[in-house]
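Contents: one structure, followed by commentary.
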Amino acid sequence: MALDDIVSRNVRRQIIGTLTPQEDSVVARLRELSIAFERFEHPPIATVEEAAQYWAPIAATHCKNLFLRNQKGNRHYLVVLVHSKKADLRAVADQIGDGKLSFASPERLMTHLGLTPGSVSPFGLINDRGHAVRVVLDRDLKSAARLSFHPNVNTSTFVVSAADFARFLDASGHTVQHVTV
């Protein structure tokens, strides 16, 4: 599958020229796994609220991604939920069997996923070769057909099928758990 075949659309319907280095690594991994995707460009967006206007024309379930740590700081979690939900961190902690959860620092985010705040994404798992991060998915994502995520940079959004996202996670080798958010 040629890159132009998979990366052919964005908000302005332009053929993709240059990808960012962060996108390049995601595209390389998706191509290795034969995962098709669509790419949509937009201005930098760091929050779901900022993203709403740019996501409106994109037919997909949009996700919110939270990078968390336990109270001792020895376990890290990537929590992925439907963008319109508010995560009850205590309820999530209870379901995964850990103590108090809180947001991890930007330094921990960079160390474990190679990402900066505002760009948190499951695609960051490609940078976690030691599998230190545990993935926690909102059960409601199981009913989605297509999912959208930043490709490790907040100036574009990639859309993949839910089945392909499951294959991506499986290939990553990370522990995945589903919870009710």
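The values are calculated or read from the model by the stated rules, or taken from the named source; none is laboratory data. Just so you know, these numbers come straight off a predicted model, no measurement behind them. Cβ coordinates were reconstructed from backbone atoms using ideal geometry, including for glycine residues, and neighbour counts include every protein chain displayed.
Some observations on this one:
- Residue in the stretch 31-38 that is more than 22 Å from Asp164 (Cα to Cα) and part of a loop (DSSP other than H, G, I, E, B) present: no
- Residues in the stretch 110-164 that are of a type in the set (Ser, Thr, Tyr) and either more than 18 Å from His42 (Cα to Cα) or part of a strand (DSSP E or B) (or both): Thr111, Ser143, Ser148, Ser156, Thr157, Ser161.
- Ala51 part of a loop (DSSP other than H, G, I, E, B), modelled with pLDDT under 95, among the small types (Gly, Ala, Ser) and within 16 Å of the chain's Cα centre (by Cα): no
- Qualifying residue in the stretch 107-127 (condition: of a type in the set (Val, Ile, Thr), within 21 Å of Val48 (Cβ to Cβ) and more than 13 Å from the chain's Cα centre (by Cα)): no
- Identity of the residue in the stretch 55-109, assigned to a helix (DSSP H, G or I) and of a type outside the set (A, V, I, L, M), that ends up surrounded by the most Cβ atoms within 10 Å (Cβ to Cβ): Trp55
- Qualifying residues in the stretch 134-175 (those that are crowded, with 19+ Cβ neighbours inside 10 Å and among the hydroxyl-bearing types (Ser, Thr, Tyr)) - the one farthest from Ser121 (Cα to Cα): Ser172
- Selection status of Ser25, of a type outside the set (A, V, I, L, M, F, W, C), on the phi > 0 side of the Ramachandran plot and at pLDDT 95 or above: no
- Qualifying residue in the stretch 126-148 (condition: free of Cβ contacts under 8 Å to residues at least 40 places away in the same chain and either closer than 24 Å to Ile58 by Cβ or of a type in the set (A, V, I, L, M) (or both)): yes
- Checking Leu115, Leu81 one by one, the residue that is in contact with a strand residue (DSSP E or B) (Cβ under 7 Å, 6 or more places away or on another chain) and either farther than 26 Å from Thr20 by Cβ or of a type outside the set (Val, Ile, Thr) (or both) is Leu81 and no other.
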